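One structure is given below, encoded as structure tokens.
The values are calculated or read from the model by the stated rules, or taken from the named source; none is laboratory data. Here the structure is a predicted model, which is why all the values come from computation and not from measurement. Because the Cβ atoms are built from the backbone with ideal geometry, glycine has one as well, and the counts that use them run over all protein chains shown. To get the accessible areas, we keep the full protein, side chains included, count just its heavy atoms, and leave off ligands, DNA and RNA. Shrake-Rupley method; radii C 1.70, N 1.55, O 1.52, S 1.80 Å.
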Amino acid sequence: MATIEVENLTKYYGDIRGVDGLSFTVDSGEVFGFLGPNGAGKTTAIRTLLGLLSPTSGSATVLGADIRNESELIEAKRRIGYLPDHLGFNEELTGTQILDYHASVKGENRRAELLELFTPPVDRAIRGYSSGNKRMLGIIQAFMHDPDLVVLDEPTSGLDPLKQERFNEFLREERDRGTTILFSSHILSEVRQICDRVGILRDGKLVELEEIETLLNRSGKRVRVQTTHDGREALAALDGVIDIYQFDDGMQFIYTGGYNTLFAELSKHDIQEADISEPPLEDIFLHYYGDESAPTAEVSSDV
Amino acid sequence: MFDTARFEGKRRVRGTAILAVGLSLYSAFIVWYFTVLEDVDAEEVFADAPPALIEAFGIAQLGTIEGFLGAQIYMFLWLVGLGIYFAYTGAGLVATDIEQGRMDLLGVFPISRARLLSEKFAALIVPLLVLNLVVGVVIYVLVLGIGESVDPVRLIMAHVLSIPYLLVCAAIGMLLSVVVDRASIAERSAMGLIFLLWLGDSVVSGAGDYSWLAYLSPTYYYEPTPVLIDGSYELLHSLVLLGIFAGLFVISIMLFKRRDL
């Protein structure tokens with residue numbers, strides 16, 4: 001049985017759309033990435049799945065519990081860890097006091113181990129914490145009761161790169177232990193490093209949902225070629241060529257067609273240099289989000 | 001069990017201690033002031049004051065220590081001051097946690113919302129009991145200290161009967177806290193509401209045809225001064241308060257279960 005099953009989940013705040021017709025499943029032991037810019041509906045979706053918001057329509061189960069059924073969900077919550085996007089702790093309390101409280105409600109069999117990995121100054125009052133320290137305290141409370149499902153909303157914001165790397169490593173170990181992780185982020189490199197599958201949210205809708213590799217395949221290859229003027233023109237006219245950037249003696253484009261056609265065309269021209277690679281996830285992202293924010297094609301002279 | 005009540009209760013200890021000291025100091029000032037005013041005939045001083053004012057401040061009985069305590073401490077501090085304080089505190093129960101993003105973590109605890117809210121409310125027992133106990137004992141000792149005496153049973157009753165009233169004030173705050181999204185609005189409207197209810201009760205109570213309006217105010221059902229003076233009180237009034245409290249509590253929980261956090 002899937003750990004999270006979402007069926008046509010819709011949440012409106014009055015007239016304002018949070019998420020609209022969201023459907024996806026997260027399998028047990030999987031790291032699922034929820035990708036989207038701020039305001040896309042990631043937090044709304046997560047908070048609805050955790051029972052903090054009641055859905056306007058649609059349904060979902062989390063660890064087998066119907067999110068509309070409070071008593072079912074309470075049982076499930078014993079096995080859920082959650083790191084919210086915005087962490088509110090009582091400022092006057094120390095990290096230890098906060099963790100003690102969470103421990104008394106949820107349990108703490110991994111607390112000591114986590115405190116060795118993540119090192120917030122637990123003896124100090126929260127008001128003196130940096131955002132990174134708060135985040136680390138949040139990570140500890142999310143994992144301390146050894147949950148089967150962990151929901152992380154923008155978990156690395158505020159963490160310095162070193163801690164971020166340690167956290168990513170920790171997440172991989174968690175996945176290997178069989179923990180299911182729902183991970184939201186607007187940072188593509190992060191999602192790419194950690195997640196098995198990705199859902200892209202835009203304006204409250206799930207735009208694309210593929211295994212990352214499939215996503216990369218479908219979104220084409222980035223091709224860089226140095227060739228003659230005629231060659232460049234012929235390539236630009238080829239079916240499946242998009243996002244063309246012209247250089248002095250070459251060009252770069254995204255190619256979504258088959259390799260054979262591309263190579264057949266390339267072989268007709270004098271090619272000085274060619275490079276075919278995966279496009280950066282950022283470009284794929286722009287592809288799904290439309291190109292209103294994409295940089296306009298410009299001629300670069302120093303290539 | 002009751003982890004949230006314990007946690008929230010501990011958080012209230014510091015504020016409660018400060019408040020207990022403050023209220024004790026104020027009480028000490030009032031008791032000392034009584035010794036200064038002993039020779040002044042209060043009724044004469046306020047002879048020209050409107051009846052509503054005399055009623056509101058219990059001026060008629062200012063000449064005795066019981067009447068003086070009743071007016072200056074129990075009417076002023078307990079009925080109005082602590083009424084507003086508990087309404088304010090109740091109004092912060094949910095709204096501040098939501099506003100400051102704490103409710104996200106509390107909301108995913110494996111406990112029901114009804115239990116979460118009940119336990120948060122239950123933590124108000126700390127100030128409710130400590131303030132009554134500490135300030136009650138302080139007042140008793142101080143009164144003995146100036147060579148006067150007050151019947152301890154009546155003093156205890158004045159405090160005990162305040163509990164249903166203060167529970168109602170806190171529950172009014174809690175209801176606002178559940179309904180209103182912003183903490184500052186919930187808190188201010190809770191404080192304002194208690195003050196207005198008290199004011200309304202005072203104004204209409206001597207106003208003939210409209211005196212029944214006073215029944216709408218919880219302040220009507222807690223009268224500390226008569227308890228102190230001759231030990232008289234209406235048990236029914238306390239039961240009414242407990243009934244209002246139960247109603248507000250149940251409504252708050254029902255609304256809290258349904259609302260988005």
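Tabulated data for the structure shown
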item	result
Of all residues making up segment A:131-159, the number that are touching a residue at least 40 places away in the same chain (Cβ under 8 Å) and at positive phi	1
Condition broken by B:Arg102, with the remaining ones in (1) touching a Cys at 6+ places or on another chain (Cβ under 8 Å); (2) within 13 Å of another protein chain (Cβ to nearest Cβ) satisfied	(1)
Any hit, segment B:222-231, residues being in contact with an Asp or Glu (Cβ under 9 Å, 6 or more places away or on another chain), of a type in the set (S, T, N, Q) and open to solvent by less than 60 Å² (accessible area, probe 1.4 Å)	yes
Some residue of segment A:22-29 being within 22 Å of B:Arg258 (Cα to Cα), among the hydroxyl-bearing types (Ser, Thr, Tyr) and touching a strand residue (DSSP E or B) at 6+ places or on another chain (Cβ under 6 Å)	no
Subset of segment A:216-233 that is in contact with a Ser or Thr (Cβ under 9 Å, 6 or more places away or on another chain) and open to solvent by less than 30 Å² (accessible area, probe 1.4 Å) - its residue that is nearest to A:Ile200 (Cα to Cα)	A:Ser219
Selection count, segment B:128-155, where residues are assigned to a loop (DSSP other than H, G, I, E, B) and of a type in the set (Ser, Thr, Tyr)	1
Segment A:250-271, subset more than 31 Å from the chain's Cα centre (by Cα) and without any contact (Cβ under 8 Å) to a residue 24 or more places away in the chain, residue most open to solvent (accessible area, probe 1.4 Å)	A:Asn260
Whichever residue in segment A:59-93 is surrounded by fewer than 19 Cβ atoms within 10 Å (Cβ to Cβ) and either in a strand (DSSP E or B) or among the aromatic types (Phe, Trp, Tyr) (or both) and, among such residues, is farthest from the other protein chains (Cβ to nearest Cβ)	A:Ser59
Residue tally, condition open to solvent by less than 10 Å² (accessible area, probe 1.4 Å) and either in contact with an Asp or Glu (Cβ under 7 Å, 6 or more places away or on another chain) or under 19 Å from A:Lys134 (Cβ atoms) (or both), over segment A:169-187	8
Segment B:116-133, subset surrounded by fewer than 18 Cβ atoms within 10 Å (Cβ to Cβ) and in contact (Cβ under 8 Å) with a residue 60 or more places away in the chain, residue nearest to A:Pro147 (Cα to Cα)	B:Ala122
Options B:Leu235, B:Leu197, B:Leu241, B:Leu248: the member that is surrounded by fewer than 19 Cβ atoms within 10 Å (Cβ to Cβ), modelled with pLDDT of 85 or more and not β-branched (Val, Ile, Thr)	B:Leu235
Residue count for segment B:206-221, restricted to those that are farther than 20 Å from B:Phe86 by Cβ and touching an Asp or Glu at 6+ places or on another chain (Cβ under 6 Å)	2
Qualifying residue in segment A:36-49 (condition: farther than 19 Å from A:Arg135 by Cβ, within 9 Å of chain B (Cβ to nearest Cβ) and open to solvent by 40 Å² or more (accessible area, probe 1.4 Å))	no
Search result, residues across segment B:105-147 that are away from chain A (no Cβ under 14 Å), β-branched (Val, Ile, Thr) and within 21 Å of B:Phe249 (Cβ to Cβ)	B:Ile125, B:Val126
Filter result (surrounded by 15 or more Cβ atoms within 10 Å (Cβ to Cβ) and in contact with an Asp or Glu (Cβ under 8 Å, 6 or more places away or on another chain)) within segment A:102-133	A:His102, A:Ser104, A:Val105, A:Gly107, A:Arg110, A:Ala125, A:Ile126, A:Gly132
Single residue of A:Thr56, A:Thr44, A:Thr48 found to be under 24 Å from B:Ser112 (Cβ atoms) and under 17 Å from the mean Cα position of the chain (by Cα)	A:Thr44
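The rows are residues; the columns are (1) of a type in the set (A, V, I, L, M); (2) over 25 Å from B:Ala28 (Cβ atoms).
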residue	(1), (2)
B:Ile146	yes, no
B:Ser177	no, yes
B:Phe195	no, yes
B:Val203	yes, yes
B:Ser211	no, yes
